[in-house]
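Novice: Structure provided below as structure tokens; questions to follow.
The values are calculated or read from the model by the stated rules, or taken from the named source; none is laboratory data. A quick note: this is a predicted structure, and the numbers were derived from the prediction, not measured. Neighbour counts run over all protein chains shown; Cβ positions are idealised from the backbone, glycine included. Just the protein is used for accessible areas: all its heavy atoms, side chains included, with ligands, DNA and RNA removed. Shrake-Rupley method; radii C 1.70, N 1.55, O 1.52, S 1.80 Å.
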Amino acid sequence: LTGVTQIAVVVHVLWHEPHENIADEQIASQITVLNQDFRRSNPDAEQIPAPFRPLAADAHIEFVLASVDPQGRPTSGIERRQSEVSSFGSDDGVKSRASGGLDAWPANDYLNIWVCPLGDGLLGYAQFPGGPPETDGVVILQSAFGTVGTAAPPFHLGRTTTHEVGHWLNLNHIWGDDGTGCSGTDNVADTPNQGGPNAGQPVFPQVSCNNGPHGDMFMNYMDYVDDTAMFMFSTGQVARMQACLDGPRDSMGR
Ligand code: ARG
Ligand code: ZN
Ligand code: CA
């Protein structure tokens, strides 16, 4: 693994109520979290249980707000729109101007992040590699974005975006998306086979699917625990993200 891939980010802010028009500082706080989590420089990595610590890996990916827009003009990497839509859903409506959102910037060059009010208890959702460019990127609830401003516990440490960008780079949920069964897989060899999702702030160890004594890697960004309880990608997950950057997303970064 050589070098670091730098990914240009555009943040599309859709707001209905004024408080949803999050400040530049809240956006900057999210970029900081991404750069910590994908470089394994997150301060809470020290909380990784000892048996899993050797597996916690640096993804060698960095994120920077775009400085040039698709027309070649200087940009802050942030665009904003007051929308008549008071709450978006998982139907990609936020991703086009015609439905009250903002259009994607070219998916070969930018990671598109939409930040907006979301309904149905959704914290966020992502499009995996290989989908239509018009809807490529991640969507994040404004109160689960960044670490300041409207960011609200227990999703106030920017980990929803870390999790969704994991999906965008082809990572599956760590429990294998088979409900609570033991037959699903995340297609990563070094994450223990795990029953279902964990939630809240689990105490180590959480054993399922005969994965004792160390149990589930519930402190992984691709589980469903609180933001304060997730702090690692594994070596195998990093290999999968790098394969994505060498494959379907090889146009990203330098
Ligand atoms: N896609 C997940 C959801 O919307 C996001 C989970 C993020 N978890 C977190 N601790 N921030 O339910
Ligand atoms: Zn997910
Ligand atoms: Ca499972």
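Novice: What is the sum of charges, Lys and Arg at +1 and Asp and Glu at -1, for the other residues whose Cβ falls under 15 Å from the Cβ of T191?
Specialist: Working: positive: R53, R240; negative: D177, D178, D186, D190, D216, D223.
That works out to -4.
Novice: Using bins 5 angstrom wide from zero, how does P(r) for segment 1-57 break down, in % of all Cα pairs?
Specialist: Going out from 0 Å in 5 Å bins, segment 1-57 shows 4, 13, 19, 17, 14, 13, 10, 7, 3, 0 percent.
Novice: Identify unpaired cysteines across the chain, taking unpaired to mean no other cysteine Cβ lies under 4.7 Å from the residue's Cβ.
Specialist: When partners are defined as cysteine Cβ atoms under 4.7 Å apart, the chain leaves C116, C244 without one.
Novice: What translational D, rounded to a whole number of µm²/s, comes out for segment 103-215 from Stokes-Einstein when the hydrodynamic radius is the Kirkwood one over Cα pairs, at 10 °C and 1.306 mPa s?
Specialist: Values: Rh = 15.7 Å.
Taking Rh from Cα pairs, D becomes 101 µm²/s.
Novice: Give the Rg (one decimal place) followed by the Dmax (whole number) of segment 161-253, computed from C-alpha coordinates and expressed in Å.
Specialist: When restricted to Cα atoms, segment 161-253 yields Rg and Dmax of 13.2, 42 Å.
Novice: Further, regarding this structure: Using the Cβ atoms and a cut-off under 11 Å, what net charge is assigned to the surroundings of S41, where Lys and Arg are +1 and Asp and Glu are -1?
Specialist: Surrounding charge for S41 is -2.
Novice: Another question, then. Give me the net charge for the shell around T135: Cβ to Cβ below 9 angstrom, other residues only, Lys and Arg +1, Asp and Glu -1.
Specialist: -2
Novice: Taking the DSSP beta bridges in segment 5-102 as the whole, what percent of them are antiparallel, to the nearest 5?
Specialist: 10 percent
Novice: Going by alpha carbons, how many degrees (0 to 90, nearest 10) lie between the helix axis of 24-37 and the longest principal axis of the chain?
Specialist: For helix 24-37, the angle is close to 30 degrees.
Novice: Rounded to the nearest 10 Å², what accessible area does L122 show when all protein chains are kept and the probe is 1.4 Å?
Specialist: 40 Å²
Novice: Further question on the same structure: In whole Å and largest first, what semi-axes does the C-alpha gyration tensor of segment 54-155 yield when each eigenvalue is scaled by 5 and square-rooted? Don't skip to the answer; put the middle values down first.
Specialist: Working: eigenvalues 90, 83, 45 Å².
Largest first, segment 54-155 gives 21, 20, 15 Å.
Novice: Tell me, what is the 1.4 Å probe accessible area of E134, in Å² to the nearest 10?
Specialist: Accessible area, nearest 10 Å²: 120 Å².
Novice: Apply the a/c threshold of 1.5 to the C-alpha gyration tensor of segment 60-106 and tell me whether it is rounded, prolate or oblate. Present the calculation step by step, with values, prior to reporting the outcome.
Specialist: Working: a/c = 2.42, a/b = 1.71, b/c = 1.42.
In terms of gyration-tensor shape, prolate.
Novice: Ok, one more. Convert 10 °C to kelvin, take the viscosity as 1.306 mPa s, use the Kirkwood radius over C-alpha pairs of segment 215-254 as Rh, and evaluate the Stokes-Einstein diffusion coefficient in µm²/s, rounded to a whole number.
Specialist: Working: Rh = 11.5 Å.
Estimated diffusion coefficient is 138 µm²/s.
Novice: Carbon and sulfur: what percent of the chain's accessible surface (1.4 Å probe)?
Specialist: 51 percent
Novice: Next up: From the C-alpha gyration tensor of segment 28-102, pull out the three semi-axes of the equivalent ellipsoid (sqrt of 5λ each), sorted largest to smallest, in whole Å.
Specialist: 34, 18, 10
Novice: Right, here's the next one. Using only protein heavy atoms and a 1.4 Å probe, report how much of L118 is accessible, in Å² to the nearest 10.
Specialist: Ignoring ligands and nucleic acids, L118 comes out at about 20 Å².
Novice: Here's a follow-up. Using only Cα atoms, find the angle between the long axis of helix 235-246 and the longest principal axis of the chain, and express it within 0 to 90 degrees, rounded to the nearest 10.
Specialist: That helix lies at roughly 40 degrees to the long axis.
Novice: Moving on. Report Rg (one decimal) and Dmax (nearest whole number) for the chain, counting Cα atoms only, units Å.
Specialist: In Å, with Rg to one decimal and Dmax whole: 17.7, 56.
Novice: Another one. State the dimensionless ratio Rg/Rh of segment 135-201 (Rg: radius of gyration of Cα atoms; Rh: Kirkwood radius). Walk me through the numbers on the way to the answer.
Specialist: Numbers: Rg = 13.9 Å, Rh = 13.4 Å.
Result: Rg/Rh = 1.04.
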